[in-house]
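Have a look at the structure below before the remarks.
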Amino acid sequence: MRIDDILDAKRPVFSVEFFPPKTEEAREQLFATARSLRELGPDFVSVTYGAGGSTREGTVEITRALKDDLGLETMAHLSCVGETTEGIAATLDRIAAAGIENVFALRGDPPRGEPDFVQPEGGLGSAAELAAFIGERWDFAVGGACFPEVHPEAPDLDTDLDYLKTKVEAGASFLITQLFFDNRVYFDFVEAARAKGIDVPIVAGVIPVASFAQTKRICDLCDASIPARLEAAFAAAGGDEDAEFELGVAYAAQQCAELLIAGAPGIHFYALNRAPATRAVLGALQTGRPWER
């Protein structure tokens with residue numbers, strides 16, 4: 001089912017992001033996680049596309065397997081990095097042939113060791129160009145990324161939103177945010193986006209912290225900030241894994257409840273291919289149903 005149709009039919013939606021495994025052991029872990037989370041009925045799951053297109057084959061294969069073998073609705077990520085339009089078209093044909101109806105269009109991060117994105121010769125230069133390219137020949141629901149704390153390469157929020165609007169005008173029918181911890185950042189971003197005329201659903205991206213050190217590394221890579229009080233609370237845990245897990249789940253559950261009460265159309269969980277934290281938060285939300293308050 002198309003994700004834009006899912007968003008039209010129900011609120012809130014819950015989704016989970018996975019990344020393609022690189023070993024057989026990691027593959028087994030991913031599918032164990034997916035089977036565990038499937039019991040909670042996520043509306044869809046997505047599979048990322050590695051830097052420089054390094055996992056493009058795995059992305060399509062894992063996305064297809066999650067759909068065919070586990071019965072999950074799926075979305076394949078796709079980026080412009082290191083690809084010609086012919087190569088992108090071939091990947092889109094494979095996605096369509098696999099029965100996948102949803103694509104997350106990204107410009108993509110440069111390969112490791114390269115500081116800047118360089119448009120490939122014969123390729124595309126932005127997520128907006130990719131969204132438009134998809135719409136020319138394929139009937140996918142296209143999603144796009146957005147950045148409540150401003151894309152690292154944008155000079156300011158206004159410029160970032162101007163570009164985001166071109167992505168929507170090119171065909172992105174829903175947006176998913178980069179992870180964030182301060183809900184005020186999301187609320188202000190959505191308000192500013194609406195003022196720009198961006199009217200598609202903006203799903204909130206949330207990471208339930210299971211390991212603070214791992215999450216801190218991710219935030220450093222994507223320029224997401226951690227509120228000082230939350231960082232202090234994790235520091236007070238003194239590296240105790242159980243204490244960090246409990247704090248991460250409690251904070252994410254509270255964060256998601258506030259987002260849903262305020263009208264966020266859904267939550268996209270960055271699960272890092274592990275089930276326990278996301279399962280705990282999603283289970284609590286489905287039990288408490290805060291959006292009905």
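Kindly provide the set of residues from the stretch 14-34 that are under 14 Å from Ser46 (Cβ atoms) and open to solvent by 50 Å² or more (accessible area, probe 1.4 Å), ordered by number. The one that is under 14 Å from Ser46 (Cβ atoms) and open to solvent by 50 Å² or more (accessible area, probe 1.4 Å): Phe19. Sub-7 Å Cβ pairs linking a first residue in the stretch 267-293 that is acidic (Asp, Glu) to a second residue that is surrounded by fewer than 20 Cβ atoms within 10 Å (Cβ to Cβ) and not in a helix (DSSP H, G or I), at least 6 apart or interchain, number zero.
Out of contact with any strand residue (DSSP E or B) (no Cβ under 8 Å at 6 or more places or on another chain) and not polar (S, T, N, Q): is that true of Glu24 in this structure? For Glu24, the condition - out of contact with any strand residue (DSSP E or B) (no Cβ under 8 Å at 6 or more places or on another chain) and not polar (S, T, N, Q) - is met. Within the option set Ala89, Ala98, being more than 19 Å from Pro21 (Cβ to Cβ), of a type outside the set (Val, Ile, Thr) and modelled with pLDDT of 90 or more holds for one residue only, Ala89. Among the residues of the stretch 276-293, those that are touching a strand residue (DSSP E or B) at 6+ places or on another chain (Cβ under 9 Å), open to solvent by less than 10 Å² (accessible area, probe 1.4 Å) and farther than 15 Å from Gln214 by Cβ comprise Val281, Leu282, Leu285. Within the stretch 154-161, identify whether any single residue is at pLDDT below 95, in contact with a helix residue (DSSP H, G or I) (Cβ under 6 Å, 6 or more places away or on another chain) and among the aliphatic types (A, V, I, L, M), and answer yes or no. Checked the stretch 154-161: at least one residue is at pLDDT below 95, in contact with a helix residue (DSSP H, G or I) (Cβ under 6 Å, 6 or more places away or on another chain) and among the aliphatic types (A, V, I, L, M).
Conditions (1) buried (at least 23 other Cβ atoms within 10 Å of the Cβ); (2) under 27 Å from Pro265 (Cα atoms); (3) not basic (Lys, Arg), marked per residue:
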{"residue": "Pro12", "(1), (2), (3)": "no, yes, yes"}
{"residue": "Phe44", "(1), (2), (3)": "yes, yes, yes"}
{"residue": "Thr63", "(1), (2), (3)": "yes, yes, yes"}
{"residue": "Leu66", "(1), (2), (3)": "yes, yes, yes"}
{"residue": "Gly87", "(1), (2), (3)": "no, no, yes"}
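Here Cys222 meets each of (1) in contact with a helix residue (DSSP H, G or I) (Cβ under 8 Å, 6 or more places away or on another chain); (2) open to solvent by less than 40 Å² (accessible area, probe 1.4 Å); (3) modelled with pLDDT under 95 with one exception, condition (1). When residues in the stretch 145-156 are screened for being open to solvent by 40 Å² or more (accessible area, probe 1.4 Å), more than 17 Å from Gly205 (Cβ to Cβ) and either touching a Pro at 6+ places or on another chain (Cβ under 6 Å) or not charged (D, E, K, R) (or both), 1 of them pass.
Only one entry in Ala262, Ala228, Ala243 is over 24 Å from Gly143 (Cα atoms) and surrounded by 14 or more Cβ atoms within 10 Å (Cβ to Cβ), namely Ala243.
If a residue has to be among the hydrophobic types (A, V, I, L, M, F, W, C), within 14 Å of the chain's Cα centre (by Cα) and under 14 Å from Lys67 (Cβ atoms) to count, how many in the stretch 2-45 make the cut?
So the first thing to find is which residues in the stretch 2-45 are among the hydrophobic types (A, V, I, L, M, F, W, C), and the list is 3, 6-7, 9, 13-14, 16, 18-19, 26, 30-32, 34, 37, 40, 44-45.
Okay, now just the ones that are also within 14 Å of the chain's Cα centre (by Cα), so 3, 13-14, 16, 18-19, 44-45.
Applying the additional criterion that residues be under 14 Å from Lys67 (Cβ atoms) yields 3, 16, 18, 44-45.
The number of residues fulfilling the criteria is 5.
The values are calculated or read from the model by the stated rules, or taken from the named source; none is laboratory data. On a predicted model such as this, the values are computed, not experimentally measured, just so you know. No Cβ is skipped: glycine too gets one built from the backbone with ideal geometry, and neighbour counts run over all protein chains shown. For the accessible areas, the whole protein counts, side chains as well, though only heavy atoms, and no ligand, DNA or RNA atoms are used. Shrake-Rupley method; radii C 1.70, N 1.55, O 1.52, S 1.80 Å.
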